1. Confirm whether G161 is assigned by TED's automatic domain parsing to the domain that holds A221 and either modelled with pLDDT under 90 or under 22 Å from T214 (Cα atoms) (or both).
2. Can you confirm whether segment 307-325 contains a residue that is within 22 Å of the chain's Cα centre (by Cα) and at positive phi?
3. Scanning segment 255-273 for residues that are under 24 Å from P97 (Cα atoms) and at pLDDT 90 or above, which turns out farthest from the chain's Cα centre (by Cα)?
4. Criterion first (loosely packed, with under 13 Cβ neighbours inside 10 Å, among the small types (G, A, S) and assigned by TED's automatic domain parsing to the domain that holds V58) does G83 satisfy it?
5. Got a sec? Which of G195, G208, G204 is out of contact with any Leu (no Cβ under 7 Å at 6 or more places or on another chain), outside the structural domain of N73 (by TED's automatic domain parsing) and at pLDDT below 85?
6. Residues of segment 53-73 being out of contact with any Leu (no Cβ under 8 Å at 6 or more places or on another chain) and in a strand (DSSP E or B), which ones?
7. Hey, can you tell me all the residues within segment 300-319 that are more than 8 Å from T340 (Cα to Cα), surrounded by fewer than 11 Cβ atoms within 10 Å (Cβ to Cβ) and of a type in the set (G, A, S)?
8. Inside segment 132-152, can you point out the residues that are over 26 Å from V75 (Cα atoms), surrounded by fewer than 18 Cβ atoms within 10 Å (Cβ to Cβ) and among the small types (G, A, S)?
Amino acid sequence: MAYRYRPIPSREGGPVRRLVRRLRVPVICGSLFLTVSCGWGGQDGGRDGPLPSAPMGVTAAAGSATSVHVMWNQVSGGPKVAGYEVYRGTTKVKDVPGAEHMVDITRLKPSTTYVFTVRARDDAGNAGLPSAKVRATTPAAVAADHRAPTRPGRPSGKAVGSRAAQLNWARSTDDRGVASYDIYQGTSKIHSVGGGQTATVVTGLRPGTRYSFTVRARDAADNVSAASASVRLTTAGGADDGRGTAPTRFRAGTHRADGAYYIDLSWSPPDTDGVITEYQIHLDGRPATSLVWGGKPPRGKATYSFYLGRDAGARHRVRIRAKLPDGTWGGFSDERTVTTGGR
């Protein structure tokens, strides 16, 4: 059956969208309607303007017999990205905030090959084109395995420009086989690759920054090895060395409740390529407490209160810094001074 194309002006969208929506016919890959993505239903609702680009650099690596670690590069240019949608086949399995670029897909079946794609979504909920397909195969399940792999050996690395590092290590051994390797900066896991790899490139780093990486091996039963020796390196300098990493709009005050005084803080997270889940609060020049979000961290203004003591008229200095997505600590906020019971 053939259809004759006749453009129909519409406030809802261009002629191609109007034609597909009204006729409800399948779109054939390789047709002249190049703005339509084959195999994916349009979700732009008649949007007038560009959609987010397809994410690039998508990778998938099995983390265990029942999990796969999916990563991708940040989408830049075009409309602002509010989030990402991760698909297993044609089924959406995860919604990820726009500041995050990796996720663990769990509850999978052992010895199974899965296909993943990622789509970026704008503030209006419109999803862009899907990424290229990537495949990952989970290893076979193992029963009663409580022995962790040996620690990875002979790690080495070098900076690649100002925002990336190349790492290498010697293979770990395991009685059931190594499923994946996790790369850590400090205590933060920032990357993961399949068990067959002994090298990787870590991106999203900051210019002119000193890093210390370690590698841990993981088997199919989720047993994790001891950390390798550390690899220390410094990225090349750049125009934004260390700048823009401090929380902004930092404010501090106090309140009294049940005979005690509490300090009240508010701030805006630094604008970084990734999500921030941990902060360190310094009181009178020393670390006082750490704040870790167990759920979804706030995207805008953040607030926090903690106990100070029962004495009125006590004067304190306070500041805060964020643990950045690359595993390093960012710059301190401006320091504020508060007095308990003060006005």
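1. Taking the combined requirement at face value, the residue satisfies it.
2. Within segment 307-325, not a single residue is within 22 Å of the chain's Cα centre (by Cα) and at positive phi.
3. Residue satisfying both the conditions and the ranking: S266.
4. It is false that G83 is loosely packed, with under 13 Cβ neighbours inside 10 Å, among the small types (G, A, S) and assigned by TED's automatic domain parsing to the domain that holds V58.
5. The unique qualifying residue is G204.
6. Selection gives T59, A60, A61, A62, G63, S64, H69, V70, M71.
7. G300
8. A140, A141, A143, A144 - these are the residues of segment 132-152 that are over 26 Å from V75 (Cα atoms), surrounded by fewer than 18 Cβ atoms within 10 Å (Cβ to Cβ) and among the small types (G, A, S).
The values are calculated or read from the model by the stated rules, or taken from the named source; none is laboratory data. What you see is a predicted model; the values in this text were computed from it and never measured. Note that each Cβ is placed from the backbone with ideal geometry, even for glycine, and that neighbours are counted across all protein chains shown.
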